[in-house]
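Chemist: I have a structure here, written as C-alpha cells, and I will follow up with some questions on it.
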Number of protein chains: 4
Amino acid sequence: MENLISSIVEENRKYVSEGKVATYIPELGKTDPNLLGIAMIDNDYKIYTYGDYQRKFTIQSMSKPLTLILALLDNGEKVFEKVGMEPTGDPFNSIVKLETVKPSKPLNPLINAGAIATISMIKETAKYTRVERIINFFKKITHNDALEINEEVYLSEKKTGNRNRSIAYFLKDLKIIDGDVEDVLDTYFRVCSINVSCVDLARIGLLLSNDGVDLKTKKRVIPKRYTKIAKSLMVTCGMYDESGAFAIECGVPAKSGVSGGILATAPSEYGIGVFSPTLNKSGNSVAGMRVLKELSNKLDLSIF
Amino acid sequence: MENLISSIVEENRKYVSEGKVATYIPELGKTDPNLLGIAMIDNDYKIYTYGDYQRKFTIQSMSKPLTLILALLDNGEKVFEKVGMEPTGDPFNSIVKLETVKPSKPLNPLINAGAIATISMIKETAKYTRVERIINFFKKITHNDALEINEEVYLSEKKTGNRNRSIAYFLKDLKIIDGDVEDVLDTYFRVCSINVSCVDLARIGLLLSNDGVDLKTKKRVIPKRYTKIAKSLMVTCGMYDESGAFAIECGVPAKSGVSGGILATAPSEYGIGVFSPTLNKSGNSVAGMRVLKELSNKLDLSIF
Amino acid sequence: MENLISSIVEENRKYVSEGKVATYIPELGKTDPNLLGIAMIDNDYKIYTYGDYQRKFTIQSMSKPLTLILALLDNGEKVFEKVGMEPTGDPFNSIVKLETVKPSKPLNPLINAGAIATISMIKETAKYTRVERIINFFKKITHNDALEINEEVYLSEKKTGNRNRSIAYFLKDLKIIDGDVEDVLDTYFRVCSINVSCVDLARIGLLLSNDGVDLKTKKRVIPKRYTKIAKSLMVTCGMYDESGAFAIECGVPAKSGVSGGILATAPSEYGIGVFSPTLNKSGNSVAGMRVLKELSNKLDLSIF
Amino acid sequence: MENLISSIVEENRKYVSEGKVATYIPELGKTDPNLLGIAMIDNDYKIYTYGDYQRKFTIQSMSKPLTLILALLDNGEKVFEKVGMEPTGDPFNSIVKLETVKPSKPLNPLINAGAIATISMIKETAKYTRVERIINFFKKITHNDALEINEEVYLSEKKTGNRNRSIAYFLKDLKIIDGDVEDVLDTYFRVCSINVSCVDLARIGLLLSNDGVDLKTKKRVIPKRYTKIAKSLMVTCGMYDESGAFAIECGVPAKSGVSGGILATAPSEYGIGVFSPTLNKSGNSVAGMRVLKELSNKLDLSIF
C-alpha cells in the first residue's frame, strides 16, 4: 500500500502546476504551490502517509459536512426545514435561487448559503460558544486536541468576506437565520479557518466510512443516518460544479476546500485526506483530484 | 384649477381602499390609510393644493432621482461607470442581475442597488457628512429649511433593512461601493426617512420641469442635462414594475415611494406632489396614480 | 434645415466604421457598410432628405410598434392580457423570464417574444391572410403601395430563426399563442423582411408624432391612445438595452432594427427615418444614433 | 424474499392515494391510479415479483440513462462536449441555463434538454433509423423482443410537446443539435412512449448493477465505465429535484418517469423495477419511492 500511494502521488505531482493557489482570500495566496500530501487510514486504523501529509492548511468548505452533522445532532432533521438536500447547478457562492425560487431556502448545506444557515442552527451552551462547540466536535472526531484557528486566514476571510456577508443578510431577511448575522458570520469565518492536516481529514473520513463508529474507541459518535446524509450530499454536491464528473471518475464521497484539501471517505474501507493547494477553475485541487481518482481506480473504491 | 384638482381628488378618493399601507418597514404600517392630498405649482410659482397636502410622510424612493443628481454634481457622469441607465424587468430590491450579468453593476439609479451605489459616491466634506450634504441639498431645492429625518421610520428601516444590507455587501464585493458599507447603508436609511409634504415634492417637480432653473430665485440649481437624466429615468424606471404602464396612462415623469407619495414633473408646465399611503402590489399609491392619470388627461400633460 | 441635416450626417459619417453589419441573419451580412441616409418630414408634410435615403433595407424590429398597433386595432387592449407593457433588462431574444416569472407573458411587445405574441393576435379575414393585412396596413401608413418582402432576407431568417422558433413554441406551451406556431413564425419572418426606405420610416414617424392623424389626408388612421402606447413603449424599450441611455441622450421615441434603420418620432414636430447598417454591440446603428442625438440637440426635440 | 417484497408492497399501498396520475401528457391521465407492482432480479437471475408487475407503462424518462449509453457506444465520451455531467437545481424541463450560462450546453443527460441532445447524437445506419436502433438496443438489454411503442401516448406527447420543441430549437440555435429538429423530437417522443413492464426495468437494472455484463448470457453488453457514468448520474440527477433526498433515504441509483415507473439498480446485488402511476409534485411515484426506500433499508442496499 505504501508503494501504491507513493507511486500515485509521484505520478500525479506534475498536475500541481496545472492549477493556481486561491487568492480570493488574500492570506491563502501565500501558500507554497508545490505541496502535495496524502494520508489514508484503513479499518484496522493503520495509517498510510506520503509527501506533505503533516502540513497544516485551513479546513475551509471541508468543514461543511461536519457542521451539518453537528447541527443535526443539535436539532434533528428539522435542520432541513431551513436548508434543502438537493444539488444545485449554480456556483457555490450563488445568491440567485434565494430570490427566484419560492419558498426560499439554500438548496443544500454544502454551498455557502446552506453552510451559513446550518451553522446558525448550532446551539450555544452556558459553557461553550458556538465556535467552541464546533472546535470541540472537530477535536473529538479527529482525536486531535491541538486543532486551532489560523488567525491570519480568519482575519483575511472576515475582512474580505463581503459576498458571504451579502448571503447571510439575505438569509436573515428570509428569516432563515434567527440570531445575530455578524455573530453567525464570525463563527463561519473562524470555522473555515481551522488548521488541519491530511491525517485529521483521513480520521474524519474513516469515521464517516464506518457509519459513525469510531474505530479507535469502538464507540458510536454519530448516528448512522447522519453519516449517510453527509456522504450522499458529498457525492451530489461535494466537489462544487464538478461533483457529477467526480462521481463518475472517482465515485467516492468527498468534499473539497479552497485551501486545496480534499476529505474523502470510501464506505466501509478507508478514510482519506489529500492536500495540494493549486486549484482548477472549479475551485478543486487539481493534483488532489488526480490522486483520488487513481487511488479509486487502483483499489476499486467507487461506490457505483 | 382649484376646482379641477378638488374634483379629481374627490372622484378618486374611493381608490384609497383598493390598496394597503406598506408594512415591510413596520413603522410605515401605522399610517392612517385614508389620507389623500395633492400640491401643484405652475410656472408662475402659483401653488394649488387640496386635501392632506400638509401631511408629512417619508420621502423613501422619491429621494433616488435627487441623490442621483447630487452624485452627478459631485462626480460628473463617471457615476455611470458604477451604475447603469437602463430599465430592469426585475423587482426593485432584486439582487439577481448583480450575479448573472457581467460586468456587474446595478442597472439604474432608481432601484435599491443603484441608489445605494449612487449614495456611496456622494462626497463628504470637512464640514458636512454625507447625510448632511444630502439634507442640505433637499432643503435648498424645496426651499424648506425645516426638513428633518423621521427618527422612528429611520430606526425601523435600519433594523429591518436586511435585504438592502445584503445588496450593499454584494456591491462591496463587486467593488462598486468603496467606503464603509454600514455607513453607506446608514445614510441610505436616513435619507429614505426624511419627512416631506406634497408641497415639498411639487417644488422639486417644478425645478425638474424647468430643467434645473429655480423659478423662485430665477437661478440655475442643476445643469439641464442632469435634470434630463433624472426625468428620463423617472419615465423608464420611476414607478417600479408599472413604469411602462404609467408612461402610457399618465405620460409624466414620476417617482413613487412606499410611503405613498409620488413626485411628478410635467416638463415646462407643473411640479406635482401627491400622497395617499395605500399601495397596490407593485408598491405604488393606488389613489395617487389615479389622480395623476386624470390630471394628465384633463390638462394634456403627457409627453408622448 | 437641409444644411443642418447634411452637416450633421457628414460630421457623423465617421462613426459608420465603429460598428459591424449584422451577420446573424446571413443575408443581412451582404449589405454595404458605408451607407448612411436620412429622411425627415415636418408638419407641413415637407420632406428633407440626405445621403442614401432612397436605399431599401428590411424593416426588422421597426415593424414591432406597427404590428402592435394593428393588433390593438383588431383586439383592443385585451392584447395586454397576453403581453405586458414593461421594459426588461434582458436581451431582446431572451426566453428566461417566460420560465421564471409567473404568470408568464412576454414583458412587452417590442422584444421578440412580445412581437411574436402580438402578431399571433392579428386577425385573418376571408379576403386577406395575416401577412397581407399587415403589409396593407404598412402600405396605408407609408403611402407606399410598392412595399414588398425581400425574399432573400425572408428565406435567410426563416432558415436560421431557431431562437425565435424556440421562443414561439414556449409561447405556445404557455397558451399565449393560439394558432399554428409555424404559421405565426412565417408571418413574423415575412414582416421583418419588408423592404422600406428612410422616407417610409419618416412617414410612419410623422403619423405617430401627430397622434394618429395622417397629415397628407387629414384623416385619423390610428386612435390617439394607440399612438401614445406605441410612443411610450418606444421610449422605454425601443433601442434594445440602450433604451435608457438613448432616452437621456436623444429623448425622442424611436425603434431600431438590425438592418441598421431607426424609426423616430418627435411628438408634434417631425417624423424621421435614418439608416446606416453598421451596429454596435446592442444591435443599434452607430452612426444612426449619433445623427439622431445631434438632430435632437440642435432642434431641441427631447420630450424630457 | 417473496414475503419481504409482498409485505413491503402491501404496507405502502396506502401511499398510492397521496399522489396524482400525470395529466400533462393527456393520454397518461387515463391510467388506473391504483396500480402498484414490483419486479426484482438477483445475481442468480432469479426473479421476484408482486402486484401489477406485468402491467405495461411507457418508459418516459427512464429511457434517458439508456439513450445516453447508446450515444456513448456510438460516439465515445465526446458526447460530453455537448452535454454536461452535473446535477442542476432547476426543473427537468428548464431552459433558463441554456441562455444564462456560457458556454451553453445542457447540464446533464437526464434532464429533457440533455436527453434531446443525447438522442441527436445516436447514429442512423443504412439499415436502421435512429428510433429502430434505440428500440433494438432496448430489446437486447431487456431480452424482450416484444417491446413496442404505445402509439396513443406517442401521438399525445407529439401533439402537446411544445415545451420540448422549444428546448430543441434552442439547442439547434446553440448548434448542439446538428440534424433536423423535428426528426430528433419525433425520436424523443417515440422513445419515451415505449411500453415496458417492471420485469423489463429489473433486467435493465441488473445489467447496470453488474457493470454491463449480462448475467443471462454472461456476455459484456456495455463497457463498465459507461455503466458507472449512468449510475452516478442516476444518483445525482435521477429523481428530478428529489434526487438528493432520495440518495439519502434510499441510496440506490434510480431513474423515475412520469408514467410512474422507477428503474433502480443496487450495485452488485439487484435490478429492480417498480410501478405505481400516482406522482408527487416532483413527478416521482409516491408509492414507488416508498417501496424502494423500505426495500433498501431492509436489505441494506444503500451505496453510502
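The values are calculated or read from the model by the stated rules, or taken from the named source; none is laboratory data. All values derive from a computational prediction rather than experimental measurement. No Cβ is skipped: glycine too gets one built from the backbone with ideal geometry, and neighbour counts run over all protein chains shown. Ligands, DNA and RNA are excluded from the accessible area calculation, which covers all protein heavy atoms including side chains. Shrake-Rupley method; radii C 1.70, N 1.55, O 1.52, S 1.80 Å.
Chemist: Kindly give the distances from C:ASN43 to its copy-mates, label point to label point, with each label point 7 Å from Cα along Cα→Cβ, as nm values to one decimal ordered shortest first.
Modeler: 1.5, 9.3, 9.4
Chemist: Modelled label-to-label distance, D:ASN34 and D:LYS102, 7 Å Cα→beta-carbon offset: nm?
Modeler: With each label placed 7 Å out from Cα toward Cβ, I get 5.8 nm.
Chemist: Same structure again: Under a 10 Å cutoff between Cα atoms, tell me which one of B:GLY76, B:GLY114, B:GLY271 has the largest fluctuation in the Gaussian network model of chain B.
Modeler: Of the options given, B:GLY76 has the highest mean-square fluctuation.
Chemist: With +1 on the Cβ of every Lys and Arg and -1 on the Cβ of every Asp and Glu, and nothing else charged, how large is the dipole of chain B about its Cα centre, in debye rounded to the nearest 20?
Modeler: My answer is approximately 540 debye.
Chemist: Where the centroid of each part is defined by its Cα atoms, how far is segment A:37-71 from segment D:231-304 in Å?
Modeler: 31
Chemist: Here is a further query. Based on Cβ point charges of +1 for Lys and Arg and -1 for Asp and Glu, what charge dipole magnitude is obtained for segment A:98-187 about its Cα centre, in debye rounded to the nearest 20?
Modeler: The calculated dipole for segment A:98-187 is roughly 360 debye.
Chemist: Treating the beta-carbon of each Lys and Arg as +1 and of each Asp and Glu as -1, no other charges, what is the dipole magnitude of the protein assembly as shown about its Cα centre, to the nearest 20 debye?
Modeler: 0
Chemist: Quickly estimate the mean residue ellipticity at 222 nm for chain C, helices only: each DSSP H run with n ≥ 4 gives -39500 (n - 2.57), and the total goes over all residues, rounded to 500.
Modeler: It comes out at -13000 deg cm²/dmol, rounded to the nearest 500.
Chemist: How much solvent-accessible surface does B:GLU152 expose, in Å² to the nearest 10, with a 1.4 Å probe and all protein chains in place?
Modeler: Counting only protein heavy atoms, B:GLU152 exposes about 100 Å² to solvent.
Chemist: Could you work out the relative contact order of segment A:1-139? I mean the mean sequence separation of Cα pairs under 8 Å and 6+ apart, divided by the number of residues, in percent.
Modeler: 18
Chemist: Please determine, in degrees from 0 to 90 and to the nearest 10, the orientation of helix D:2-12 with respect to the longest principal axis defined by the Cα atoms of chain D, where the helix direction is its Cα long axis.
Modeler: For helix D:2-12, the angle is close to 70 degrees.
Chemist: Just D:GLU27, D:GLU77, D:GLU86 to compare: in a GNM of chain D, with alpha carbon springs under 10 Å, which one fluctuates most?
Modeler: Of D:GLU27, D:GLU77, D:GLU86, the most mobile in the Gaussian network model is D:GLU77.
Chemist: Distances in nm, one decimal, shortest first, from B:LYS159 to the same residue in every other copy, taking the label point 7 angstrom along Cα→Cβ.
Modeler: Here B:LYS159 shows inter-copy label distances of 3.5, 6.0, 6.8 nm.
Chemist: Along each principal axis of its Cα atoms, how long is the protein assembly as shown end to end? Whole angstroms, biggest number first, please.
Modeler: Answer, in whole Å and largest first: 94, 75, 57 Å.
Chemist: Students often check this: by mean Cβ neighbours within 10 Å, which of B:184-190, B:78-84, D:163-169, D:96-102 ranks highest, and how do the rest follow?
Modeler: D:163-169, B:184-190, B:78-84, D:96-102
Chemist: Taking 7 Å along the Cα-to-C-beta vector as the label spot, tell me the D:GLU10-A:GLU182 distance in nanometres, rounded to one decimal.
Modeler: 6.4
Chemist: Let me ask something else. How crowded by other chains is C:233-241, given as the mean number of beta carbons from other chains within 10 Å of each beta carbon?
Modeler: Taking the mean over all residues of the peptide, I get 4.
Chemist: Among the residues of segment C:85-103, which ones have their accessible area go down by 30 Å² or more when all the protein chains sit together, as opposed to their chain alone (1.4 Å probe)?
Modeler: Checking the loss per residue gives C:MET85, C:GLU86, C:PRO87, C:GLY89, C:ILE95, C:VAL96, C:LYS97, C:GLU99.
Chemist: Under a GNM of chain B (C-alpha, springs under 10 Å), which listed residue has the highest mean-square fluctuation: B:GLY51, B:GLY273, B:GLY260?
Modeler: B:GLY51
Chemist: Could you report the protein assembly as shown's accessible area per residue, 1.4 Å probe, as an integer in Å²?
Modeler: Spelled out: the 1.4 Å probe surface of the protein assembly as shown, per residue, equals 36 Å².
Chemist: Can you figure out the FRET efficiency of A:LEU155 with A:ASN280, using R₀ = 22 Å and their beta-carbon distance, to the nearest 0.05?
Modeler: So, using R0 = 22 Å, E works out to roughly 0.20.
Chemist: As a test question: what accessible area, to the nearest 10 Å², does C:ASP44 have when a 1.4 Å probe is rolled over all protein chains in place?
Modeler: Here the residue's solvent-accessible area equals roughly 130 Å².
Chemist: Here's a follow-up. Over chain D, what is the relative contact order in whole percent, taking alpha-carbon pairs under 8 Å and six or more residues apart?
Modeler: Over chain D, the number comes to 28 percent.
Chemist: Quick one: angle between helix C:224-237 and the longest Cα principal axis of chain C, in degrees between 0 and 90, rounded to 10, please.
Modeler: So the helix axis and the longest Cα principal axis differ by about 80 degrees.
Chemist: With each label point set 7 Å from Cα along the Cα-Cβ vector, what nm distance links C:LYS298 and D:GLU81?
Modeler: Output for this residue pair reads 5.4 nm.
Chemist: For segment D:136-227, max minus min Cα coordinate along each principal axis, in Å, sorted largest first?
Modeler: Principal extents (largest minus smallest coordinate, Cα): 43, 31, 17 Å.
Chemist: How large is the Kirkwood hydrodynamic radius of segment C:59-111, in angstrom, based on all distinct alpha carbon pairs?
Modeler: Radius from the Kirkwood sum: 11.8 Å.
Chemist: Pairwise over distinct Cα atoms, reciprocal of the mean inverse distance: report the Kirkwood radius of chain B in Å, one decimal place.
Modeler: 18.9
Chemist: Continuing with the same structure: In percent, how large is the relative contact order of segment A:147-293, given Cα pairs closer than 8 Å and 6 or more residues apart?
Modeler: 21
Chemist: Sort the following peptides by mean Cβ neighbour count (other Cβ atoms within 10 Å, averaged over residues), highest first: D:30-39, D:205-214.
Modeler: D:205-214, D:30-39
Chemist: Here is a further query. Which whole number of Å³ per residue matches the convex hull of the alpha-carbon atoms in segment B:101-175?
Modeler: 123
Chemist: Moving to a separate point now. How big is the shadow of the Cα convex hull of segment B:153-283, averaged over all directions, in nm²?
Modeler: Dividing the Cα hull surface by four gives the mean projection, 9.3 nm².
Chemist: Could you count how many Lys pairs in segment B:1-127 have their Cα atoms under 24 Å apart, skipping same-chain pairs fewer than 8 positions apart?
Modeler: Here the count comes out as 25.
Chemist: Another question, then. List the distances, in nm to one decimal, from the label point of B:ARG220 to the label points of the same position in every other copy, shortest first, placing each label point 7 Å from Cα along the Cα-to-Cβ direction.
Modeler: Sorted ascending, the copy-to-copy spacings read 4.2, 8.2, 8.3 nm.
Chemist: What residues of segment C:239-265 lie in the reach of a label at B:LYS224, counting those whose backbone N is under 16 Å from a point 7 Å from the Cα along Cα→Cβ?
Modeler: Zone members listed by number: C:248-252.
Chemist: With axes computed from alpha carbons, what is the tilt in degrees of helix B:286-299 against the longest principal axis of chain B, rounded to the nearest 10 within 0 to 90?
Modeler: 60
Chemist: For segment C:137-253, please report how many Lys pairs fall under 22 Å Cα to Cα, leaving out neighbours fewer than 8 apart on the same chain.
Modeler: Lysine pairs, 8 or more places apart or on different chains, close enough: 21.
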